[in-house]
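Quick notes on the structure that follows.
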Amino acid sequence: MNCAGVIVYCYPPPTCFGRRHVLPNMSMKELNEKLSIISRVVVHPKYRTIGLGAKLVHETLQLAGTPYVEMPAVMAKYNPFAEKAGMQKIAEQPPPKEALAIAQVLQKLGFNIQLLGSRKYILQKLQTLKHEQLKHVRKAFITHKHVRFLKGFFPHKPYGETKLFKTKIMKADLPQLAKLIKICGMLLQTKVYLFWER
């Protein structure tokens, strides 16, 4: 369902880190019947800071058609628009240890961790590294593998392909390494789990 800037998915609900705190174990069929997910809230920059995000979420909650609505979000840590709309903050998910370990390696190599969302920046930085430094980057990903990195090479497999991951990393060109580093940058963000009950 799409309601003027709010995207709500009703099927299938992925595993969400905060769900276990508010819902009992349910079958996938039961989750699909009882739970909607607000996946994105996008407000045009021209209309930000006037409370439109909170209003969109509030109105979407009433239209969801399920008794429960969840929303995992990064921006909710900095802007409590969903809480203003009536959702309850349940949990925060810190970055995984694998991403933190890789971030330390990248920092030692001169990467600005705040800019890991920019593929252009990452590629430019990788192009300045010597062969030995690139080996450190590759080794960091092999040593600290995370399912999201595996999916970077095997997008059609839910958990990637662990056996082939090392080979793929060793053969990865700079754009492929940049893609993995960008995924690492996304993982470094703290996510907030919000929940609403009708």
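Every number in this text was worked out from the coordinates using simple rules, so none of it is lab data. Remember, predicted model here, so these are calculated numbers, not experimental data. Note that each Cβ is placed from the backbone with ideal geometry, even for glycine, and that neighbours are counted across all protein chains shown.
Brief remarks follow.
- ³J(HN,Hα), Karplus 6.51/-1.76/1.60, whole Hz, each residue of the range 111-117, x for Gly, Pro: 6, 8, 4, 5, 9, 6, x
- Potential extension, V42-Q107 segment - 0.36 nm per residue separation minus Cα distance: 20.3 nm
- Charge sum, other residues only, whose C-beta stays under 13 Å from I113's C-beta, Lys/Arg counted +1 and Asp/Glu -1: +3
- The range 97-187 - Debye-derived log10 I(q)/I(0), Cα point model, q = 0.10, 0.15, 0.16 Å⁻¹: -0.21, -0.49, -0.56
- Sites M75 and F154 - FRET efficiency at Förster radius 25 Å, r taken between beta-carbons, to 0.05: 0.30
- The chain: relative contact order as a whole-number percent, Cα under 8 Å and 6+ apart: 29
- Within the range 26-74: Cβ-based charge dipole about Cα centre, in debye rounded to nearest 20 (Lys, Arg +1; Asp, Glu -1): 280
- Measuring between alpha carbons in the structure, the pairs from K151/K182; K77/K191; K97/K145; K97/K130; K34/K55 lying more than 18 angstrom apart are K97/K130; K34/K55.
- Label separation (L52 vs E132): 5.4 nm, computed from points 7 Å beyond Cα along the C-beta direction.
- Residue-wise HN-Hα coupling along the range 69-77, computed from phi with Karplus coefficients 6.51, -1.76, 1.60 (Hz; x: Gly, Pro): 9, 10, 8, x, 8, 8, 5, 5, 5
- Label positions at M186 and K166, each projected 7 Å from the Cα along the C-beta direction, are separated by 2.7 nm.
- The H on the amide N of L188, modeled in the peptide plane, is under 5 Å from the matching H of no residue at least 5 residues off or on a different chain.
- Dipole magnitude for the chain: computed about the Cα centre from +1 point charges on Lys and Arg Cβ and -1 point charges on Asp and Glu Cβ, it is near 900 debye.
- In the chain, taking the dipole from charged Cβ atoms about the Cα centre, the farthest positive-side position among L150, M170, L116 is held by M170.
- Here the range 176-191 and the range 99-120 have alpha carbon centers that stand 9 Å from each other.
- Between the residues V74, L180, L194, the greatest Cα displacement towards the positive end of the dipole of the chain, with unit charges on the Cβ of Lys, Arg, Asp and Glu, is found for L180.
- Stretched out straight at 0.36 nm per residue, the stretch from E33 to I142 would grow longer than its current Cα-Cα span by 35.2 nm.
- The gain in end-to-end length when the M26 to R198 segment is fully stretched comes to 60.1 nm, 0.36 nm per residue minus the alpha carbon separation.
- Contact order, relative form, for the range 97-187: 39 percent (alpha carbon pairs under 8 Å, 6 or more residues apart, mean separation divided by residue count).
- Derived scalar couplings between HN and Hα for the range 123-132 equal 4, 4, 5, 4, 5, 8, 7, 7, 4, 5 Hz in order, rounded to whole Hz, by the Karplus curve 6.51 cos²θ - 1.76 cosθ + 1.60 (θ = phi - 60°), x for Gly and Pro.
- Checking the cross-link pairs K120/K179; K46/K120; K125/K166 against a 20 Å limit on the alpha carbon distance flags K46/K120; K125/K166 as lying beyond it.
- Shape index of the chain: Rg/Rh, with Rg the Cα radius of gyration and Rh the Kirkwood radius from the inverse mean 1/r over Cα pairs, equals 1.03.
- Amide hydrogen neighbours beyond the local backbone of M87, cut-off 5 Å, H modeled: none
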